[in-house]
Ligand SMILES: Nc1nc2c(ncn2[C@@H]2O[C@H](COP(=O)(O)OP(=O)(O)OP(=O)(O)O)[C@@H](O)[C@H]2O)c(=O)[nH]1
Ligand SMILES: [Mg+2]
């Protein structure tokens with residue numbers, strides 16, 4: 001492998017006008033969108049700093065985000081900063097909208113992981129850090145809301161180190177002062193490389209101040225730790241430390257740059273994003289250390305040879321502009337009107353919050369929306385060779401929650417299906433499915449909020465009002481005893497009549513056998529051509545047995561019968577079969593079958609006992625638990641559970657795992673269900689059928 005240090009040299013220098021992309025990610029409500037607002041203000045992209053709380057920020061401009069004061073989709077904005085172009089991808093923190101987060105991380109050069117100064121909550125960073133580290137994405141950790149920090153930064157740092165496999169390097173120490181109410185407040189910071197002290201202001205760049213004497217001991221200790229960590233990757237620095245030589249600042253900066261770019265260390269910065277504190281420091285670190293597009297393309301194993309190559313990471317459907325494929329250009333230039341790989345590039349648009357600005361061309365490094373390239377979707381690249389699947393693009397998480405949907409107005413059904421296709425294309429962690437067994441349209445996704453936002457979009461963007469219900473469980477029924485039945489269908493109406501006579505034997509079969517029809521007719525007592533009609537009649541009946549569910553695991557043998565040369569017909573034999581079944585089946589001790597799923601619940605190890613209790617409390621049968629492969633400090637618990645108990649289980653799993661737990665399911669078997677629960681289900685099924 002090539003030395004990562006030399007690789008970071010390719011691509012350009014700060015101030016060369018290159019275009020880099022940074023994702024602002026982190027747990028729910030950690031302050032990403034507020035930080036974006038301050039970045040836009042600090043770089044002069046906007047003249048007034050709005051706030052997410054007041055609904056005046058550039059990010060979260062969609063109706064769904066504003067309504068809930070939370071991120072529900074990627075926010076994109078580009079700025080000029082000291083001679084370079086930057087695009088920030090501010091992603092939603094909620095685990096339910098994680099799909100957008102990972103899509104953004106796939107195409108950025110570096111990530112800023114924004115977190116709150118709360119050691120108890122660092123576990124919420126784990127899924128994100130896992131993705132980032134697995135993909136060797138250079139990242140800075142930004143400890144935000146430092147204004148309200150009640151813990152010491154060093155305690156926060158050790159909590160963070162426990163969930164990070166990369167060495168964390170603290171780059172600043174806070175300057176604290178006793179507040180009027182006796183608590184400590186953070187009023188500024190010392191930069192550990194330059195050893196300069198700054199005082200935060202309520203807005204604007206911090207003031208350079210003289211180093212407060214009381215911070216010095218902490219500053220020297222933190223600086224030594226920083227240098228020791230950097231020296232683990234640089235022998236020159238290590239020798240200087242051993243020989244007690246004060247290293248040149250340029251060497252420290254170079255180490256920070258190289259070790260960050262090769263994802264060996266993760267620098268930690270402090271600030272308060274909603275009041276611009278620490279924002280300029282963060283921007284400068286990004287400016288010096290963020291890899292250029294060529295380096296990222298290389299990390300992603302994409303060519304950067306000057307020939308046009310774009311990768312779509314997100315689709316948006318707009319009522320006026322149609323389909324927009326949001327792309328990162330990895331190589332070459334795309335221009336309006338150009339044809340690439342058989343696709344005509346129409347309008348090119350550069351997003352800025354909700355605004356889309358037309359541009360004539362987009363160069364390597366940029367984020368741009370291609371209008372109406374209908375064939376191009378998230379996770380695909382477009383190049384001279386055409387459209388292809390991207391290697392290593394994050395796959396959507398399997399669904400953990402579902403709702404049954406119905407258009408309020410029956411005439412909207414076609415419109416609903418069209419809108420669902422678009423919504424799923426915008427967010428592949430949503431899916432829908434027409435489930436024949438229960439006659440339902442299911443919308444599936446990552447949680448209740450995720451689906452509510454989708455339902456809101458159906459109404460506001462596509463004008464389709466839907467009703468939502470909890471999905472029904474696909475129960476079945478079977479029989480526990482056999483029976484023989486004689487049935488005759490006979491009608492005399494005017495001309496020739498209807499006649500069919502059959503004898504059948506019904507027998508239970510083992511679980512998983514389905515339905516078996518046996519023909520034991522001898523001597524043509526039921527003519528050959530009518531036998532398929534008998535089978536049809538049986539199958540028809542079995543769609544809904546005595547308990548109101550589809551019937552499975554039984555065998556029906558036709559062993560005798562009679563016919564009439566004029567009056568018998570396929571229709572009459574089909575009727576006779578139905579009559580035989582409706583008379584015999586209630587005598588065969590019908591019993592309900594419920595679907596049992598194999599469930600694998602995942603969560604941080606400290607929540608494992610609670611997850612086990614949760615499973616047992618939901619009629620689950622624990623099969624065991626193990627460490628989660630590839631996840632330090634996480635477990636997976638496996639169990640067999642009734643489908644009915646899983647419907648809303650994600651809500652409880654999240655509540656005992658600080659929101660980060662999840663589960664996977666697969667169908668295992670059908671199991672007999674008797675007693676009060678079974679009676680209630682039969683009762684409800686009858687009511688539903690009558691309604
Ligand atoms: N005290 C303090 N509050 C902050 C700071 N930054 C953000 N907040 C508050 O934290 C809340 C969440 O801020 P957002 O910027 O919307 O957080 P977010 O991370 O974008 O949230 P999601 O996208 O929903 O995950 C808001 O009430 C902000 O006012 C900060 O530096 N200090
Ligand atoms: Mg946000």
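At-a-glance table
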{"read-out": "Alpha-carbon gyration tensor eigenvalues x 5, square-rooted, for region 1-122, Å", "value": "27, 19, 12"}
{"read-out": "Label point at residue 134 placed 7 Å out along Cα→Cβ; residues across region 95-112 whose backbone nitrogen lies under 12 Å", "value": "102"}
{"read-out": "Mean shadow area of region 544-683, taken as a quarter of the surface of its Cα convex hull (nm²)", "value": "12.2 nm²"}
{"read-out": "Relative contact order (%) - criterion: Cα under 8 Å, at least six apart; region: region 386-476", "value": "39 percent"}
{"read-out": "Cα-based helix-to-principal-axis angle, 608-617 vs the chain, degrees rounded to 10", "value": "20 degrees"}
{"read-out": "Stokes-Einstein D in µm²/s, Kirkwood radius over Cα pairs - region 411-456 at 4 °C with 1.567 mPa s viscosity", "value": "117 µm²/s"}
{"read-out": "Relative packing of peptides 439-448, 594-603 - highest average C-beta neighbours within 10 Å first", "value": "594-603, 439-448"}
{"read-out": "Sorted by Cβ density within 10 Å, fewest first, the residues 530, 559", "value": "559, 530"}
{"read-out": "Relative contact order (%) - the chain, alpha-carbon pairs under 8 angstrom, separation at least six", "value": "10 percent"}
{"read-out": "Mean Cβ count within 10 Å, highest first, over the residues of peptides 333-339, 427-433", "value": "427-433, 333-339"}
{"read-out": "Residues 236, 347, sorted so that the one with the fewest Cβ neighbours within 10 Å comes first", "value": "236, 347"}
{"read-out": "Diffusion constant of region 426-551 at 20 °C, which comes from Stokes-Einstein with the Kirkwood Cα-pair radius and 1.002 mPa s, µm²/s", "value": "111 µm²/s"}
{"read-out": "Region 306-389: mean projected area of Cα convex hull, nm²", "value": "4.7 nm²"}
{"read-out": "Region 193-322: C-alpha pair distances exceeding 25 Å, %", "value": "47 percent"}
{"read-out": "Beta bridges per DSSP with both ends in region 4-298, % antiparallel, nearest 5", "value": "50 percent"}
{"read-out": "Computed label-point distance, nm, for sites residue 384 and residue 249 using a 7 Å Cα→Cβ extension", "value": "4.7 nm"}
{"read-out": "Angle between the chain longest axis and helix 448-462 axis [Cα atoms, degrees, rounded to 10]", "value": "90 degrees"}
{"read-out": "Pairwise FRET efficiency - residue 589 versus residue 683, Cβ, R0 = 25 Å, nearest 0.05", "value": "0.85"}
{"read-out": "Nearest-0.05 FRET efficiency for residue 177 and residue 221, computed from C-beta distance (R0 22 Å)", "value": "0.65"}
{"read-out": "Virtual spin-label span in nm between residue 372 and residue 421, 7 Å along Cα→Cβ", "value": "1.8 nm"}
{"read-out": "Which of 681, 242 has the fewest Cβ neighbours within 10 Å, and the rest in rising order", "value": "242, 681"}
{"read-out": "Between helix 570-584 and the chain: long-axis angle, C-alpha atoms, 0 to 90°, nearest 10", "value": "80 degrees"}
{"read-out": "Principal axis dimensions, largest first and in whole angstrom, of the chain by Cα", "value": "109, 59, 50"}
{"read-out": "Percent RCO, i.e. relative contact order, over region 592-690, from Cα pairs under 8 Å lying at least 6 residues apart", "value": "41 percent"}
{"read-out": "Inter-site label distance for residue 203 and residue 488 at 7 Å from Cα along Cβ, in nm", "value": "9.6 nm"}
{"read-out": "Ellipticity estimate at 222 nm from DSSP helix runs (n ≥ 4, -39,500 (n - 2.57)) divided over the chain, nearest 500", "value": "-8500 deg cm²/dmol"}
{"read-out": "Mean Cβ count within 10 Å, highest first, over the residues of peptides 408-417, 13-22", "value": "13-22, 408-417"}
{"read-out": "Rounded FRET efficiency, nearest 0.05, which uses the C-beta distance separating residue 690 from residue 529 and R0 of 41 Å", "value": "0.60"}
{"read-out": "Cα-based shape type of region 477-588, given that a ≥ b ≥ c are square roots of the gyration tensor eigenvalues and the cut on a/c is 1.5", "value": "prolate"}
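Coordinate-derived values only; no laboratory data. This structure is a prediction, so every number in the text was calculated from the model and none was measured. FYI the Cβ positions are ideal-geometry reconstructions off the backbone, even for glycines, and counts take in every protein chain you see.
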